[in-house]
Amino acid sequence: MGDSRLQPLELSEDERLTLQGWAKRRTTAQGLAKRARIVLACADGLSNTAVAARLDTDRGTVARWRTRFLRDRLDGLSDEPRPGVPRTITDAQVEEVVVRTLEETPEGATHWSKRELARRVGISPTSVLRIWRAFGLQPWRTEDFKISPDPLLIDKIRDVVGLYLAPPANAVVFAMDEKPQIQALERTAPVLPMVPGVPERRSFDYVRHGTVDLFAALNTATGKVIGTLSAQHRAVDFRDFLAEIDRQTDPGLAVHVICDNLSAHKAPVVHKWLLAHPRFELHFTPTYSSWINQVERWFAELERRCLERGVFCSLDELKTALEDWIKTWNEQARPFKWTKTADQIIDRICRYCDRISGPAH
(Lines give C-alpha, C1' and ligand atoms only; values in the text may rest on other atoms or scores of the structure.)
Protein backbone atom coordinates (compact mmCIF):
# COMPACT_ATOMS: atom_id res chain seq x y z
CA MET A 1 0.00 0.00 0.00
CA GLY A 2 1.28 3.46 -0.90
CA ASP A 3 1.76 6.36 1.47
CA SER A 4 0.00 9.56 0.33
CA ARG A 5 2.43 11.66 2.33
CA LEU A 6 5.39 10.50 0.22
CA GLN A 7 6.39 12.30 -2.96
CA PRO A 8 5.62 9.97 -5.89
CA LEU A 9 8.67 8.36 -7.44
CA GLU A 10 8.33 7.86 -11.18
CA LEU A 11 10.92 6.38 -13.50
CA SER A 12 11.62 6.99 -17.14
CA GLU A 13 12.05 3.95 -19.33
CA ASP A 14 15.82 4.47 -19.52
CA GLU A 15 16.08 4.85 -15.74
CA ARG A 16 14.10 1.68 -15.15
CA LEU A 17 16.26 -0.32 -17.54
CA THR A 18 19.44 1.02 -15.92
CA LEU A 19 18.21 0.22 -12.40
CA GLN A 20 17.12 -3.26 -13.43
CA GLY A 21 20.54 -3.87 -14.93
CA TRP A 22 22.26 -2.75 -11.73
CA ALA A 23 20.00 -4.94 -9.62
CA LYS A 24 20.55 -8.10 -11.68
CA ARG A 25 24.12 -7.83 -13.01
CA ARG A 26 26.56 -9.99 -11.03
CA THR A 27 29.44 -7.56 -11.47
CA THR A 28 27.53 -4.70 -9.80
CA ALA A 29 28.71 -3.71 -6.35
CA GLN A 30 26.33 -5.13 -3.76
CA GLY A 31 25.64 -1.73 -2.24
CA LEU A 32 24.62 -0.22 -5.59
CA ALA A 33 22.49 -3.27 -6.45
CA LYS A 34 20.59 -2.92 -3.18
CA ARG A 35 19.97 0.78 -3.77
CA ALA A 36 18.63 -0.01 -7.26
CA ARG A 37 16.19 -2.57 -5.82
CA ILE A 38 15.04 -0.01 -3.24
CA VAL A 39 14.28 2.60 -5.92
CA LEU A 40 12.50 0.05 -8.13
CA ALA A 41 10.30 -1.01 -5.21
CA CYS A 42 9.55 2.63 -4.37
CA ALA A 43 8.59 3.21 -8.00
CA ASP A 44 5.97 0.46 -7.63
CA GLY A 45 4.19 2.74 -5.16
CA LEU A 46 5.16 0.94 -1.97
CA SER A 47 5.69 2.81 1.28
CA ASN A 48 9.09 2.99 2.93
CA THR A 49 7.98 0.45 5.55
CA ALA A 50 6.75 -2.00 2.91
CA VAL A 51 9.96 -1.67 0.88
CA ALA A 52 12.07 -2.22 4.02
CA ALA A 53 10.11 -5.38 4.84
CA ARG A 54 10.40 -6.71 1.27
CA LEU A 55 14.16 -6.13 0.99
CA ASP A 56 15.02 -6.99 4.61
CA THR A 57 16.47 -3.60 5.48
CA ASP A 58 15.46 -0.72 7.73
CA ARG A 59 13.04 2.08 7.00
CA GLY A 60 15.69 4.79 7.38
CA THR A 61 17.82 3.27 4.62
CA VAL A 62 14.85 3.22 2.24
CA ALA A 63 13.97 6.82 3.06
CA ARG A 64 17.57 7.95 2.48
CA TRP A 65 17.87 6.43 -1.00
CA ARG A 66 14.36 7.48 -2.03
CA THR A 67 15.25 11.07 -1.15
CA ARG A 68 18.65 10.87 -2.86
CA PHE A 69 17.09 9.53 -6.07
CA LEU A 70 14.36 12.15 -6.14
CA ARG A 71 16.99 14.86 -5.73
CA ASP A 72 19.81 13.61 -8.00
CA ARG A 73 18.18 10.74 -9.97
CA LEU A 74 20.67 7.99 -10.93
CA ASP A 75 23.69 10.01 -9.85
CA GLY A 76 22.30 10.11 -6.33
CA LEU A 77 22.81 6.37 -5.90
CA SER A 78 26.58 6.60 -6.15
CA ASP A 79 28.76 6.82 -3.06
CA GLU A 80 29.55 10.36 -2.02
CA PRO A 81 33.18 11.32 -1.40
CA ARG A 82 34.28 10.18 2.01
CA PRO A 83 35.22 12.81 4.60
CA GLY A 84 38.79 13.26 5.71
CA VAL A 85 42.12 14.43 4.37
CA PRO A 86 42.73 13.51 0.70
CA ARG A 87 45.32 10.82 0.02
CA THR A 88 48.83 12.28 -0.15
CA ILE A 89 50.92 9.14 -0.83
CA THR A 90 51.08 8.15 -4.48
CA ASP A 91 51.13 4.64 -5.90
CA ALA A 92 54.69 5.29 -7.05
CA GLN A 93 55.80 6.01 -3.49
CA VAL A 94 54.12 2.84 -2.23
CA GLU A 95 55.91 0.88 -4.94
CA GLU A 96 59.23 2.53 -4.06
CA VAL A 97 58.86 1.56 -0.39
CA VAL A 98 58.13 -2.06 -1.27
CA VAL A 99 60.88 -2.35 -3.89
CA ARG A 100 63.56 -0.73 -1.74
CA THR A 101 62.60 -2.90 1.24
CA LEU A 102 62.85 -6.09 -0.80
CA GLU A 103 65.77 -5.32 -3.10
CA GLU A 104 68.02 -2.75 -1.41
CA THR A 105 69.75 -2.07 1.89
CA PRO A 106 70.76 1.36 3.23
CA GLU A 107 74.40 2.32 3.17
CA GLY A 108 76.21 1.09 6.26
CA ALA A 109 73.33 -1.05 7.52
CA THR A 110 71.89 -4.54 6.98
CA HIS A 111 68.24 -3.53 6.68
CA TRP A 112 65.93 -0.53 6.50
CA SER A 113 64.43 1.20 9.50
CA LYS A 114 61.16 3.02 8.98
CA ARG A 115 62.83 6.39 9.58
CA GLU A 116 65.68 5.78 7.12
CA LEU A 117 63.30 4.63 4.42
CA ALA A 118 60.90 7.50 5.13
CA ARG A 119 63.70 10.02 4.56
CA ARG A 120 64.71 8.33 1.31
CA VAL A 121 61.16 8.14 -0.11
CA GLY A 122 59.93 11.47 1.28
CA ILE A 123 57.02 10.27 3.41
CA SER A 124 56.45 9.88 7.14
CA PRO A 125 57.77 6.90 9.17
CA THR A 126 54.18 6.05 10.10
CA SER A 127 53.29 5.79 6.40
CA VAL A 128 56.23 3.44 5.80
CA LEU A 129 55.06 1.24 8.67
CA ARG A 130 51.52 1.13 7.28
CA ILE A 131 52.83 0.09 3.87
CA TRP A 132 54.98 -2.62 5.45
CA ARG A 133 51.97 -3.95 7.32
CA ALA A 134 49.81 -3.92 4.20
CA PHE A 135 52.38 -5.99 2.27
CA GLY A 136 53.40 -8.23 5.18
CA LEU A 137 56.98 -6.92 5.32
CA GLN A 138 59.04 -7.06 8.54
CA PRO A 139 62.62 -6.08 7.68
CA TRP A 140 63.63 -5.95 11.35
CA ARG A 141 62.98 -9.70 11.74
CA THR A 142 65.16 -12.62 10.74
CA GLU A 143 64.85 -16.40 11.13
CA ASP A 144 67.43 -19.17 10.98
CA PHE A 145 67.11 -22.34 8.94
CA LYS A 146 69.18 -25.42 8.30
CA ILE A 147 68.61 -28.00 5.59
CA SER A 148 69.81 -31.43 6.65
CA PRO A 149 72.71 -32.67 4.51
CA ASP A 150 72.04 -36.25 5.60
CA PRO A 151 72.35 -38.54 2.52
CA LEU A 152 69.67 -40.78 4.05
CA LEU A 153 67.31 -37.88 4.79
CA ILE A 154 64.29 -39.29 2.95
CA ASP A 155 64.73 -42.83 4.28
CA LYS A 156 65.09 -41.62 7.86
CA ILE A 157 62.04 -39.36 7.61
CA ARG A 158 59.94 -42.24 6.31
CA ASP A 159 61.29 -44.51 9.04
CA VAL A 160 60.61 -42.16 11.96
CA VAL A 161 57.27 -40.83 10.73
CA GLY A 162 56.17 -44.38 9.99
CA LEU A 163 56.75 -45.26 13.65
CA TYR A 164 54.56 -42.32 14.68
CA LEU A 165 51.67 -42.90 12.29
CA ALA A 166 51.72 -46.70 12.01
CA PRO A 167 53.67 -48.22 14.93
CA PRO A 168 54.46 -51.94 14.68
CA ALA A 169 52.21 -54.44 16.40
CA ASN A 170 53.33 -55.82 19.78
CA ALA A 171 55.86 -53.03 20.12
CA VAL A 172 56.41 -49.79 21.99
CA VAL A 173 57.95 -46.69 20.43
CA PHE A 174 60.05 -44.25 22.49
CA ALA A 175 61.23 -40.84 21.32
CA MET A 176 64.44 -40.36 23.29
CA ASP A 177 67.02 -37.63 23.80
CA GLU A 178 69.27 -36.00 26.39
CA LYS A 179 68.85 -32.51 27.82
CA PRO A 180 72.40 -31.74 28.93
CA GLN A 181 73.78 -29.11 31.27
CA ILE A 182 70.55 -28.17 33.05
CA GLN A 183 71.69 -25.46 35.46
CA ALA A 184 70.64 -25.06 39.07
CA LEU A 185 70.25 -21.27 39.13
CA GLU A 186 69.50 -19.24 42.22
CA ARG A 187 68.61 -15.55 41.93
CA THR A 188 70.73 -13.14 43.94
CA ALA A 189 67.60 -11.60 45.48
CA PRO A 190 64.26 -13.10 46.50
CA VAL A 191 61.66 -13.34 43.75
CA LEU A 192 58.95 -10.70 44.15
CA PRO A 193 55.53 -12.33 43.73
CA MET A 194 52.93 -11.19 41.24
CA VAL A 195 50.40 -8.62 42.47
CA PRO A 196 47.46 -7.08 40.60
CA GLY A 197 48.87 -4.93 37.83
CA VAL A 198 52.50 -6.05 38.35
CA PRO A 199 54.01 -9.32 37.04
CA GLU A 200 56.36 -11.53 39.02
CA ARG A 201 59.81 -9.90 39.22
CA ARG A 202 63.22 -11.42 39.69
CA SER A 203 66.78 -10.17 39.77
CA PHE A 204 68.71 -10.23 36.51
CA ASP A 205 71.81 -11.90 37.95
CA TYR A 206 72.05 -15.37 39.49
CA VAL A 207 74.33 -17.88 41.20
CA ARG A 208 75.12 -21.27 39.64
CA HIS A 209 75.00 -24.39 41.78
CA GLY A 210 76.06 -26.98 39.21
CA THR A 211 74.46 -28.84 36.32
CA VAL A 212 72.77 -32.16 35.66
CA ASP A 213 71.92 -34.09 32.49
CA LEU A 214 68.46 -35.52 31.88
CA PHE A 215 67.83 -38.63 29.78
CA ALA A 216 64.17 -38.80 28.72
CA ALA A 217 62.22 -41.33 26.67
CA LEU A 218 58.68 -40.38 25.62
CA ASN A 219 56.25 -43.23 24.96
CA THR A 220 54.62 -41.93 21.79
CA ALA A 221 51.45 -43.97 22.36
CA THR A 222 50.72 -42.96 25.97
CA GLY A 223 52.71 -39.76 26.46
CA LYS A 224 54.38 -41.11 29.59
CA VAL A 225 58.06 -40.38 30.12
CA ILE A 226 60.90 -42.46 31.50
CA GLY A 227 63.53 -40.11 32.89
CA THR A 228 66.95 -40.58 34.44
CA LEU A 229 69.31 -37.96 35.84
CA SER A 230 73.03 -38.26 35.26
CA ALA A 231 76.16 -36.22 35.86
CA GLN A 232 77.21 -36.79 32.23
CA HIS A 233 75.86 -38.12 28.97
CA ARG A 234 78.55 -40.56 27.88
CA ALA A 235 78.02 -43.78 25.96
CA VAL A 236 77.91 -45.80 29.19
CA ASP A 237 75.26 -43.43 30.56
CA PHE A 238 73.18 -43.95 27.42
CA ARG A 239 73.63 -47.71 27.76
CA ASP A 240 72.46 -47.54 31.38
CA PHE A 241 69.41 -45.53 30.31
CA LEU A 242 68.52 -48.16 27.72
CA ALA A 243 68.74 -50.71 30.53
CA GLU A 244 66.32 -48.57 32.56
CA ILE A 245 63.88 -48.52 29.63
CA ASP A 246 64.26 -52.29 29.43
CA ARG A 247 63.35 -52.67 33.11
CA GLN A 248 60.27 -50.48 32.84
CA THR A 249 58.88 -51.99 29.63
CA ASP A 250 56.75 -55.10 29.27
CA PRO A 251 59.21 -57.91 28.36
CA GLY A 252 56.85 -59.20 25.69
CA LEU A 253 57.09 -56.06 23.58
CA ALA A 254 59.63 -55.06 20.98
CA VAL A 255 61.19 -51.68 21.74
CA HIS A 256 61.86 -49.06 19.07
CA VAL A 257 63.92 -46.07 20.25
CA ILE A 258 64.10 -42.89 18.16
CA CYS A 259 67.27 -40.90 18.89
CA ASP A 260 69.65 -38.45 17.26
CA ASN A 261 73.10 -39.04 15.76
CA LEU A 262 75.17 -38.31 18.85
CA SER A 263 78.36 -40.38 18.75
CA ALA A 264 77.55 -41.83 22.19
CA HIS A 265 74.48 -43.49 20.66
CA LYS A 266 76.68 -45.45 18.22
CA ALA A 267 79.57 -46.35 20.50
CA PRO A 268 80.85 -49.95 20.78
CA VAL A 269 79.52 -50.29 24.33
CA VAL A 270 76.03 -49.49 23.05
CA HIS A 271 76.34 -51.94 20.13
CA LYS A 272 77.40 -54.63 22.55
CA TRP A 273 74.38 -53.98 24.77
CA LEU A 274 72.00 -54.03 21.79
CA LEU A 275 73.36 -57.40 20.66
CA ALA A 276 72.53 -58.77 24.10
CA HIS A 277 69.02 -57.28 23.94
CA PRO A 278 67.67 -58.07 20.46
CA ARG A 279 64.19 -56.69 21.16
CA PHE A 280 65.67 -53.18 21.08
CA GLU A 281 66.11 -51.33 17.78
CA LEU A 282 67.48 -47.81 17.42
CA HIS A 283 66.10 -45.47 14.75
CA PHE A 284 68.20 -42.39 13.99
CA THR A 285 66.72 -39.06 13.00
CA PRO A 286 68.29 -37.14 10.10
CA THR A 287 71.13 -34.82 11.07
CA TYR A 288 70.03 -31.30 12.12
CA SER A 289 66.43 -32.52 12.42
CA SER A 290 65.55 -32.39 16.08
CA TRP A 291 62.07 -31.17 15.05
CA ILE A 292 61.16 -34.73 14.05
CA ASN A 293 61.83 -36.14 17.52
CA GLN A 294 58.68 -35.86 19.64
CA VAL A 295 60.59 -35.78 22.91
CA GLU A 296 61.80 -32.30 21.93
CA ARG A 297 58.20 -31.15 22.26
CA TRP A 298 58.16 -32.57 25.77
CA PHE A 299 61.44 -30.82 26.58
CA ALA A 300 59.79 -27.55 25.52
CA GLU A 301 57.02 -28.16 28.08
CA LEU A 302 59.62 -28.98 30.73
CA GLU A 303 61.51 -25.77 30.01
CA ARG A 304 58.41 -23.58 29.97
CA ARG A 305 56.64 -25.00 33.01
CA CYS A 306 59.48 -26.08 35.30
CA LEU A 307 62.90 -24.68 34.43
CA GLU A 308 62.48 -21.26 32.84
CA ARG A 309 61.15 -19.57 35.98
CA GLY A 310 62.48 -22.04 38.54
CA VAL A 311 64.78 -20.99 41.37
CA PHE A 312 67.05 -23.78 42.65
CA CYS A 313 69.30 -23.18 45.65
CA SER A 314 71.21 -26.43 45.17
CA LEU A 315 71.76 -29.21 42.68
CA ASP A 316 69.70 -31.56 44.84
CA GLU A 317 66.81 -29.11 44.74
CA LEU A 318 66.98 -29.07 40.93
CA LYS A 319 67.02 -32.86 40.77
CA THR A 320 64.02 -33.08 43.08
CA ALA A 321 62.12 -30.56 40.97
CA LEU A 322 62.83 -32.52 37.77
CA GLU A 323 61.78 -35.83 39.32
CA ASP A 324 58.60 -34.32 40.75
CA TRP A 325 57.71 -32.71 37.43
CA ILE A 326 58.15 -35.99 35.53
CA LYS A 327 55.98 -37.74 38.11
CA THR A 328 53.28 -35.08 37.80
CA TRP A 329 53.41 -35.27 34.01
CA ASN A 330 53.02 -39.05 34.02
CA GLU A 331 49.99 -38.88 36.31
CA GLN A 332 48.11 -36.92 33.63
CA ALA A 333 50.11 -37.94 30.58
CA ARG A 334 48.73 -37.47 27.10
CA PRO A 335 50.48 -38.25 23.81
CA PHE A 336 51.41 -35.59 21.30
CA LYS A 337 49.44 -36.02 18.07
CA TRP A 338 51.60 -36.33 14.96
CA THR A 339 49.65 -35.41 11.82
CA LYS A 340 52.11 -34.87 8.94
CA THR A 341 52.87 -37.79 6.66
CA ALA A 342 56.36 -38.45 5.37
CA ASP A 343 55.33 -37.40 1.86
CA GLN A 344 53.97 -34.08 3.13
CA ILE A 345 57.20 -33.36 5.00
CA ILE A 346 59.39 -34.30 2.04
CA ASP A 347 57.28 -32.21 -0.36
CA ARG A 348 57.58 -29.20 1.93
CA ILE A 349 61.36 -29.60 2.16
CA CYS A 350 61.57 -29.83 -1.63
CA ARG A 351 59.48 -26.70 -2.09
CA TYR A 352 61.64 -24.82 0.39
CA CYS A 353 64.83 -25.96 -1.36
CA ASP A 354 63.42 -24.82 -4.70
CA ARG A 355 62.58 -21.45 -3.16
CA ILE A 356 66.01 -20.78 -1.68
CA SER A 357 67.80 -22.10 -4.76
CA GLY A 358 66.09 -19.70 -7.17
CA PRO A 359 67.82 -16.85 -9.03
CA ALA A 360 66.88 -14.33 -6.31
CA HIS A 361 69.07 -16.24 -3.86
Debye, to nearest 20: dipole size of the chain, +1 on Lys, Arg Cβ, -1 on Asp, Glu Cβ | 1340
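Per 0.36 nm of contour for each residue apart, how much would the distance between residue 355 and residue 336 grow if the chain were fully extended, relative to their Cα-Cα spacing?
Extra length available between residue 355 and residue 336 comes to 3.8 nm.
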Sorting 51, 277, 232 by the position of each Cα along the dipole of the chain (Lys, Arg +1; Asp, Glu -1; all at Cβ), the one nearest the positive end of that ordering is 51
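Report, to the nearest whole %, how much of the accessible area of the chain belongs to carbon and sulfur atoms, 1.4 Å probe, protein only.
On the way: 11650 of 22600 Å².
Taking all protein chains in place, the chain shows 52 percent carbon and sulfur surface.
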In nm, spacing of pseudo-spin labels at residue 165 and residue 102 (7 Å Cα→C-beta vector) = 3.4
Putting +1 on Lys and Arg Cβ atoms and -1 on Asp and Glu Cβ atoms, find which of 253, 171, 339 reaches farthest to the positive end of the dipole of the chain.
-> 339
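What does DSSP give for the chain in terms of the percent of beta bridges that are antiparallel, rounded to the nearest 5? Don't jump to the answer; show the numbers that get you there.
Details: 19 of 29 bridges.
Around 65 percent antiparallel, to the nearest 5.
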Give or take rounding to whole Å, what are the principal axis extents of the alpha carbon atoms in the stretch 29-148, in descending order?
-> 73, 41, 18
For the chain, inverting the pair-averaged 1/r of distinct alpha-carbon atoms gives a Kirkwood value in Å of 28.1
For a label point 7 angstrom out from the Cα of residue 281 toward its Cβ, which stretches of the stretch 186-223 have the backbone nitrogen within less than 17 Å?
-> 220-221
If each of residue 311 and residue 263 carries a label point 7 Å out from its Cα toward its Cβ, how far apart are those two points in nm?
-> 4.1
Quickly work out the residue 222-to-residue 56 label distance, labels modelled 7 Å from Cα along the C-beta direction, and quote it in nm with one decimal.
-> 5.5
Listed peptides 137-145, 248-256, 198-206 by packing density, highest first (mean Cβ within 10 Å) = 248-256, 198-206, 137-145
Among 32, 138, 62, the residue whose Cα sits farthest towards the positive end of the charge dipole of the stretch 18-171 (+1 at Cβ of Lys and Arg, -1 at Cβ of Asp and Glu, taken about the Cα centre) is 62
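Which whole-number value in Å² is the accessible area per residue of the stretch 309-361, probe 1.4 Å? Intermediate results must be reported in sequence, preceding the final value.
On the way: 3890 Å² over 53 residues.
For the stretch 309-361, the per-residue accessible area is 73 Å².
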Would you compute, from DSSP H runs of 4+ residues alone, the mean residue ellipticity of the chain at 222 nm, taking -39500 (n - 2.57) per run and dividing by the full residue count, rounded to the nearest 500?
-> -13500 deg cm²/dmol
Select from 96, 244, 323 the residue whose mean-square fluctuation is largest in a Gaussian network model of the chain (Cα-Cα springs shorter than 10 Å).
-> 96
Would you mind getting me the FRET efficiency between residue 188 and residue 120? Use the beta-carbon distance for r and R0 = 51 Å, nearest 0.05.
-> 0.65
Is the stretch 258-361 rounded, prolate or oblate when judged by the Cα gyration tensor, a ≥ b ≥ c being the square roots of its eigenvalues, rounded requiring a/c under 1.5 and prolate requiring a/b larger than b/c?
-> oblate
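Any idea of the accessible area per residue across the stretch 164-308, 1.4 Å probe, to the nearest Å²?
On the way: 7540 Å² over 145 residues.
Result: 52 Å² per residue.
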Set the Förster distance to 45 Å, then compute FRET efficiency between residue 92 and residue 148 from the Cβ-Cβ distance, nearest 0.05.
-> 0.55
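The values are calculated or read from the model by the stated rules, or taken from the named source; none is laboratory data. These numbers were taken from a predicted model, which means no experiment stands behind them. All Cβ positions, glycine included, derive from the backbone under ideal geometry; neighbour counts span all protein chains shown. The protein model used for the area step is the full one, side chains on, heavy atoms only, and it has no ligands, DNA or RNA in it. Shrake-Rupley method; radii C 1.70, N 1.55, O 1.52, S 1.80 Å.
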